[in-house]
Structures are given as C-alpha cells and as structure tokens.
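Structure first, then comments.
The values are calculated or read from the model by the stated rules, or taken from the named source; none is laboratory data. This is a predicted model, so every value here is computed, not measured. When we count neighbours, we look across all protein chains shown, and the Cβ atoms used for this are built from the backbone with ideal geometry, even at glycine.
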Amino acid sequence: MKRILSLALTTILATSLLAGCGAKKSDDHLARIKEAGKITIATEGVWAPFTYHDPDTDELVGFDVEVAAAIAEKLGVTPEFKEVAFDGGLTGVSTGTFDMMANGVDVTDERSKTYDFTEAYAYDHAVVVTLASNTDIASFEDLKGHTTANSAGSTYEAMGIEYGAAVSNVDTIGETMTLVLNGTVDATINANTSAQDYFNTTGTTELKVAAVDPEVTKYAVPLAKGSDNDSLREAINQAIADLRAEGKLAEISKKYFGADITAE
C-alpha cells in the first residue's frame, strides 16, 4: 500500500512539475508568439513611405511594413498587421493588445519610461515644413506663436508643443501637407524622409523644408516593459542585426527612400 501511495505521489509531483514548466513558458512573450505562430503589429497605414496603402492595389506597403515582415520571418512566425492611429498603437503595445509597433517610432527619454526599445533599425531627422513663400519660420524656435499639424501622440506633436506652437491633430501626412498648403496651419514637423517623399511624389514646389533638427532620430521597435519581453527584444535585436548584415535593411530602405537610412 505504501509503495502504491508513493508511486501515486511521484506521479502527481511529476505532473505538477511539467505543468509548472508549461506555465513558465506561457509567461514568456516570445514563447506565446511562437506558439500562436503569428506576431501582431500595430501600424498606421497612412504615413508614406513608412506605412501606407499602394494607390493601385490598396495593399498595405511601406518601409516599416517590409522591415516588420522581415523581422517576423526571422522569428519564424507570420506578421499580422493591425491598422490603428499612432497613439492607439503605442497604447495597444503597452496594454498587450499588440505584440509590437512598426511605424517610425523614435526613441525618446519620455517613451523609454513606458516602453523597452530594441536596437535602432533606421535613422532620420525631424524637419519643419512650411510654404515656400513663408519668411517667418526659419528654425524650430520660430514656431512659437504659430500653428502646426501632426498626429496625436507623435514626437512631432510633442516638439511642436515644446517650441510653443498650437498643434492641430491629423491622421495622415496628406492631410497635414494640405493644411499647410491651404494656410490653415503655418507649418508641420515631420520626418525628413517623409517630407522628401511627399515633395517627390506630388511634385509640389509650394512647400519647403524650413529647418532641420541636427539631432538624429532613431527608429526602433517599442515593446511593453517587463521581463517577459526580454527574450522577444533579444530575438528582434538579433533579427535586425542579421537583416543589416545581409543587406536586407539597406535594400528595403533604397526601395522606399532611394537611399540607405539604416546606417547611422
């Protein structure tokens, strides 16, 4: 009888240990992603050339879209893009609604309080765009007392407020530039790459870059803070390093920008 009881207790203990191991695995974000076979990625889908819809096919495309898809491939899972407003994407990452965000999210001290960032995968500069005829704004400091338009929750919105501008929130870069063109706002702060893409795509000569921020903008993947994301961050860092070494990041960059913005 004692032998039977001993065997029963051993079986129960072994089962408990296996269950414990399973629970530990499910607490790891990367393990959950691999188990699901997919990674959910927040993106706006309205900010060319980073994330937007091809005008001919309506397919979601862009630099960030392709980089995120390449990272997912390195992780061995399928990318599942969820289109959402910029601030909603960041909130969704912090609450666990999305696994990551790919939308030209630049690393800032303020964001680093809420998110753990991967290594940077691209570099840029913030610029001020005004009408070509504008002579009042020639620096970021000149924005004080003027009006700008930017996405809610973006670094560019924060910069506008920091420099004393009254900021109107918009959803797309097209809307942003239209507001500048028709004089509804005096300027917009945006990524130099996006501004140049807009100039080239539309052929407009009515807008100009009035000022360039000398500080380098670093684009990285934001993840929710927590030790359960350590392995995911390490895996994405390795994917970025591999894609850079293979020349894939540069290839995607040149496709959308005509230049390599993935090397600092």
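Per-structure values
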item	result
Scan of segment 141-167 for residues that are in contact with a helix residue (DSSP H, G or I) (Cβ under 7 Å, 6 or more places away or on another chain) and assigned to a loop (DSSP other than H, G, I, E, B), ordered by number	Ser151, Ala152, Gly153, Ser154, Tyr163, Gly164, Ala165
Yes/no for Ala195 being modelled with pLDDT of 95 or more, out of contact with any Lys or Arg (no Cβ under 6 Å at 6 or more places or on another chain) and either farther than 25 Å from Ala68 by Cα or assigned to a strand (DSSP E or B) (or both)	no
Any hit, segment 124-132, residues being polar (S, T, N, Q) and loosely packed, with under 15 Cβ neighbours inside 10 Å	no
Cross-chain or 6+ apart pairs with Cβ under 7 Å, segment 59-74 first and among the acidic types (Asp, Glu), then surrounded by 21 or more Cβ atoms within 10 Å (Cβ to Cβ)	Asp64/Thr43; Asp64/Phe50; Asp64/Thr51; Asp64/Ala102; Asp64/Asn103; Asp64/Gly104; Glu66/Ile252
Matching residues in segment 133-153 - criterion: being surrounded by 23 or more Cβ atoms within 10 Å (Cβ to Cβ) and modelled with pLDDT under 95	Asn150, Ser151
Flag if Gly89 is in contact with a strand residue (DSSP E or B) (Cβ under 9 Å, 6 or more places away or on another chain), buried (at least 19 other Cβ atoms within 10 Å of the Cβ) and on the phi > 0 side of the Ramachandran plot	no
Subset of segment 42-51 [crowded, with 24+ Cβ neighbours inside 10 Å and either without any contact (Cβ under 8 Å) to a residue 40 or more places away in the chain or aliphatic (A, V, I, L, M) (or both)]	Ala42
Check on Thr78, surrounded by fewer than 18 Cβ atoms within 10 Å (Cβ to Cβ), within 14 Å of the chain's Cα centre (by Cα) and of a type in the set (S, T, N, Q)	no
Leading residue by the ranking (farthest from Glu264 (Cα to Cα)) among those in segment 198-235 that are in a helix (DSSP H, G or I) and touching a helix residue (DSSP H, G or I) at 6+ places or on another chain (Cβ under 7 Å)	Asp228
